[in-house]
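Worksheet: the structure to be examined is printed underneath.
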Amino acid sequence: MVRANEEVQALLQEYADLIAITGGDAFKARAYEKAARAVGGYHADVSQLDAGQLREIPNVGRSIADKIVEFLHSGHVSAIEERRETIPAGVRELITIPMLGPKKALVLYEELGISSVDQLLDAIHEERLRDLKGFGEKTEENILHGIALMQKAGDRILLDAAMDTAEQIVAELSRITGCGRCCYAGSLRRMCETIGDIDILVASEQSRPFMNAVAGLPYTAEVIARGEKKTSIRTTKGLQIDVRVLPPESWGAGLQYFTGSKAHNIRTREIAVRHKLKLSEYGLFRVKSGKKITSETEEEIYARLGLPWIPPTLREDRGEIAAGLRGELPDLLDEADIRGDLHTHTDLTDGLASLEDMVAAAAGRGYAYYAITDHAPDLAMQRMTKEKILAQRERVRELDRRHNGMRLLHGTELNIGPEGEVDWPRDFLETFDLCVASVHSHFNQSRHDLTRRLVRACENPWVAVIGHPTTRLLGKRPGIDADFDAVFEACARTATALEINAHPNRLDLCDEDILRAKRYGVKFAVNSDAHATTHLPYMRYGVGTAQRGWLTTDDVINTWPLTKLRRFLRH
């Protein structure tokens, strides 16, 4: 289920928004925003901490710690409830729209009486927003983008939240006597970037114990449907979970069927028909006699159809069937192949953990190398200076001498400016082990300008990696409108890697963009963009996205030995 840290993070962020809406102290709102981020990325479970321990979290003072304790004990915070009551419900609905800030939401309510998404859409179409100060055509476009993102997301949740829930349920059900096998299936097993509902499969001769168990889970809010072999519940967070019990002898067929995708399953059934066979969730059968041929493992199912086992992340009907028939499926990248993380942050800028803690956590993951890439000075809020970054470099070199099993790289994340320029002069960039360059502002430039901006960054000889290339935030911000085919061509020409940012809010590049970029011969870096020690394990989601893009170790620079990686970084 969702970590208590994330629940508290959402609550504190809401309070910050409520303060901003009501014209409260901007410093106080910012303090709650910082505390929200700090709690969300904190390594320990806040539900297990007392008020004194909570105050040890960066940016969490006495007042905020007391509110967290109140929430954990009672499920609400009186100060936040009181603040909510001063805000019309319609305004609270409006601030859930990505790209519409709290102050603009309040203006819309006070000036035009808008208190719902539908009313806002009507006002935009009638061009009534343009008479308001601070609003114009571009604002309307941004709001429409935000509404489209929200509607597209619907009830879908991010990959990490779905994974946390699924793994907890699998662990619960696996402990029940009689459980032969248990795992999640569906879009989650395929590592899709957002998840609608969760499919859990159990192999057992007896179904009742599992049906009873899932109905009685502490986070089950509603039993939607309950049958002999399947129970569907809705959790307290509104997520639907379907649990199915399969006979052990049908496990492979059921797992293949319920993993999907629908389009992939149609292809496999078509092959079965050509072999005068019928494929279902119960097994592979001869059409004429009805005799079952095989069903116990996925490998057996695929082999009988003349195919190798196809990894779940490829099962999207993007040519995997044809490649399998030709014996040309890629040997996909695996998380164990990742030798290091090339984009991470510390509390020197906007990270939440010290350099020493981040390095220790990375070493605990068994990495061969690890890069620290704090922000450069063009992001003014980070207050970076040349003196600070050089002092950090000295600490990095000292730690490098201590960590014999893991080499440390000192890098920086540069900001790609409106004209494609980056922070620091070239002679100073040369002193870094690597430079990641990312777009952090001016997202609404023209397509031509955004394309030129990214291409110019690729052409900078000291830029090794373009970070989170489209800048998208899932469900919150669309990717920038650039000609990415031109960017991919520039990356291939200049030997600049494209990042697959593993943070579940980003997963940027997405799988479809990876497939396109790979055709140009682009190399990639799968990075966590960690701002806390708890973010380093996000690497698994970046690897899953890379698999969906058909990538191998040859495509991903941070699977390479350090000597080969250094040659690429110094091309």
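The values are calculated or read from the model by the stated rules, or taken from the named source; none is laboratory data. What you see is a predicted model; the values in this text were computed from it and never measured. Using ideal geometry, Cβ is built from the backbone for each residue, glycine included, and neighbour counts are taken over all protein chains shown. Heavy atoms of the whole protein, side chains included, go into the accessibility calculation; ligands, DNA and RNA do not. Shrake-Rupley method; radii C 1.70, N 1.55, O 1.52, S 1.80 Å.
Using 1/(1 + (r/R0)^6) with R0 = 41 angstrom and r between the beta carbons of ALA215 and ASP317, what's the FRET efficiency to the nearest 0.05?
Numbers: r = 35 Å, r/R0 = 0.86.
So the FRET efficiency works out to roughly 0.70.
Going 7 Å from the Cα of GLU141 along its beta-carbon direction, which residues of segment 96-120 have the amide nitrogen within less than 20 Å of the resulting point?
98-101
Note down the relative contact order for the chain as a percent, whole number, built from C-alpha pairs under 8 angstrom at least six residues apart.
Details: 1026 pairs, mean separation 59.7, N = 571.
Computed over the chain, the figure is 10 percent.
For MET384, what is the net charge nearby, where nearby means another residue's Cβ is under 11 Å from its Cβ and Lys, Arg count +1, Asp, Glu -1? Mind dumping the intermediate values first?
Working: positive: ARG383, LYS386, LYS388; negative: ASP350, ASP374, ASP378, GLU387, GLU413, ASP423.
Combined, the nearby Lys, Arg, Asp and Glu give -3.
Probe of 1.4 angstrom, ligands and nucleic acids ignored: what's the accessible area per residue over the chain, in square angstrom? Don't skip to the answer; put the middle values down first.
Working: 24920 Å² over 571 residues.
With the other protein chains kept in place, the chain gives 44 Å² per residue.
Shape call for segment 236-327 from the C-alpha gyration tensor, a ≥ b ≥ c root eigenvalues: rounded (a/c under 1.5), prolate (a/b greater than b/c) or oblate?
Numbers: a/c = 2.06, a/b = 1.24, b/c = 1.67.
The shape class here is oblate.
Taking the highest mean first, how do the peptides 284-295, 247-258 order by number of other beta carbon atoms within 10 angstrom per residue?
247-258, 284-295
Provide Rg and Dmax in Å for segment 1-144, with only Cα atoms included in the calculation.
Final numbers for Rg and Dmax: 17.3, 54 Å.
Using the C-alpha gyration tensor of segment 84-176, what are the square roots of 5 times its eigenvalues, in whole angstrom, with the largest one first? Please list the in-between numbers first.
Working: eigenvalues 268, 44, 19 Å².
Rounded to whole Å, the semi-axes are 37, 15, 10.
Only Cα pairs under 8 Å and at least 6 apart count here; give the relative contact order of segment 1-105 as a rounded whole percent.
Numbers: 99 pairs, mean separation 28.7, N = 105.
Reported relative contact order: 27 percent.
First compute the accessible area of the chain with a 1.4 Å probe, then give the percent of it belonging to carbon and sulfur atoms. Walk me through the intermediate numbers first.
Working: 11970 of 24920 Å².
Reported share for carbon and sulfur atoms: 48 percent.
If you plug each phi of segment 538-555 into the Karplus form 6.51 cos²θ - 1.76 cosθ + 1.60 with θ = phi - 60°, what whole-Hz ³J(HN,Hα) values come out, in order, with x for Gly and Pro?
4, 3, 4, 6, x, 5, x, 5, 4, 4, 4, x, 6, 8, 10, 5, 5, 7
Which of the peptides 415-421, 427-433 is most tightly packed, and how do the rest follow, going by the mean number of other Cβ atoms within 10 Å of each residue?
Values: 415-421: 17.7, 427-433: 15.9.
Descending mean neighbour count gives 415-421, 427-433.
Counting only residues 5 or more places away or on other chains, whose amide H sits under 5 Å from the amide H of ALA221 once H atoms are built in the peptide plane?
Correct list: ARG234, THR235, THR236.
Show me the ranking of peptides 41-48, 558-565 by mean Cβ neighbours inside 10 Å, starting with the highest. Kindly include the intermediate steps, with their values, before the conclusion.
Working: 41-48: 16.0, 558-565: 17.5.
With the highest mean Cβ count within 10 Å placed first, the list reads 558-565, 41-48.
P(r) tail for segment 341-465, what percent of Cα pairs lie past 25 Å?
On the way: 2013 of 7750 pairs.
It works out to 26 percent of all Cα pairs.
How would you classify segment 428-483 from its alpha-carbon gyration tensor, with a ≥ b ≥ c the square roots of the eigenvalues: rounded for a/c under 1.5, else prolate if a/b is greater than b/c, otherwise oblate? It would help to have the intermediate numbers written out before the result.
Numbers: a/c = 2.96, a/b = 1.67, b/c = 1.78.
Oblate.
Using alpha carbon centroids, what distance separates segment 53-69 and segment 240-318, in Å?
Distance between centres, Cα-based: 52 Å.
Apply the a/c threshold of 1.5 to the C-alpha gyration tensor of segment 285-409 and tell me whether it is rounded, prolate or oblate. Could the numbers behind the result be given before it?
On the way: a/c = 4.18, a/b = 3.10, b/c = 1.35.
Prolate is the answer for segment 285-409, as a/c is 1.5 or above and a/b outweighs b/c.
Which three extents, in angstrom, do the Cα atoms of the chain have along their principal axes, listed largest first?
76, 59, 54
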